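The structure under discussion appears below in the form of structure tokens.
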């Protein structure tokens, strides 16, 4: 523009004006080229559509029909579903017996860990039980579930055929009941979707009641089994201790002594006293022989006393350690047997005391509940339907149909 004004006024054209004119010309050429390409593409697409009759058919089949079917079903046919929710948890009971038994040290951690594991395991058992056939059969005996889920007011694709077997009903049940467990807290959320708010509320309440009964049965069964096992172990420990005590008594009667170890100690003490007396007599004999003759009465008495002491010491030593096979009361052999039985007796009494302590703890725990079924959110009657989510489902069907049509177009273009 500036270049044309300068020419009209007779002024010389600068280099900047030339560059601007060239840039403007190139932009105009580019715009014209893009417009021509767009028109060419539109003509090419129209020509391709006219030349390929399958494209309209694919559009109808892959996009129009699915969207239309989804809109009709979710907009006009699908029955409203009313959802009732219940939340509860299974918690371990921390009682005075565990606290008292763990004051000394490491018992607290092990007891708490075992109880937490039991609660987590019972939580998963409860989840599986809610979705199981036994739960469904128990609720069927209490509520007309087949009648509720097969009503003529329910759309064909959502209702259940009451003539189908229980296995089919269990699959249908799992589509109407959902159970979720929070990993950190162990809280269970049970949602029941039914086609009437009163029905969903009644089913949710029945599920919670039956789940609580099952959890209590698990607790009672585990406590009963633990108590029975403790009782059996205590009886075995008592029988073992009694058997060893009777064996010790029989050995005492057989050997003719009350305690071989004490008898041996008494013999050793007696031998020491006899030897001490002999030493005193030997000193008196040596002193007396300096003043008296060998035939003196006092000298002869001392010699006789020393001889008697020597015979007594020899006799006691023979009784304590004689290897004569005719000797029936060898205190050395009896001592070995007494020591063995005494060691077994002490071990048996110690083990019995440990088992008795465990038995008392089991008895205390069995007298109360180990786990508690704690309701957190009681089921309430739904005031409006939350399922199906009609707009969401129609939008998802539309998006899926569009992707399906695009994929079919791509496949058609690839094969062409």
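The values are calculated or read from the model by the stated rules, or taken from the named source; none is laboratory data. Everything numeric in this text was worked out from a predicted model, so none of it was measured. For neighbour counting, all protein chains shown are included, and Cβ atoms are generated from backbone atoms with ideal geometry for every residue, glycine included.
At-a-glance table
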item	result
Filter pass, residue 225 being farther than 30 Å from residue 76 by Cβ, over 23 Å from the mean Cα position of the chain (by Cα) and either at pLDDT 90 or above or part of a helix (DSSP H, G or I) (or both)	no
The range 163-172, subset loosely packed, with under 12 Cβ neighbours inside 10 Å and assigned to a loop (DSSP other than H, G, I, E, B), residue nearest to the chain's Cα centre (by Cα)	165
Filtered residue count, the range 135-158, keeping only those that are touching a helix residue (DSSP H, G or I) at 6+ places or on another chain (Cβ under 8 Å), outside any helix (DSSP H, G or I) and at pLDDT 90 or above	1
Single condition residue 118 does not satisfy, out of (1) within 27 Å of the chain's Cα centre (by Cα); (2) within 30 Å of residue 72 (Cα to Cα)	(2)
Residue in the range 375-397 that is nearest to residue 76 (Cα to Cα), counting only those that are surrounded by 15 or more Cβ atoms within 10 Å (Cβ to Cβ) and out of contact with any strand residue (DSSP E or B) (no Cβ under 6 Å at 6 or more places or on another chain)	390
Scope the range 173-206; condition closer than 24 Å to residue 72 by Cα and surrounded by 12 or more Cβ atoms within 10 Å (Cβ to Cβ); matching residues	176, 193, 194, 195, 196
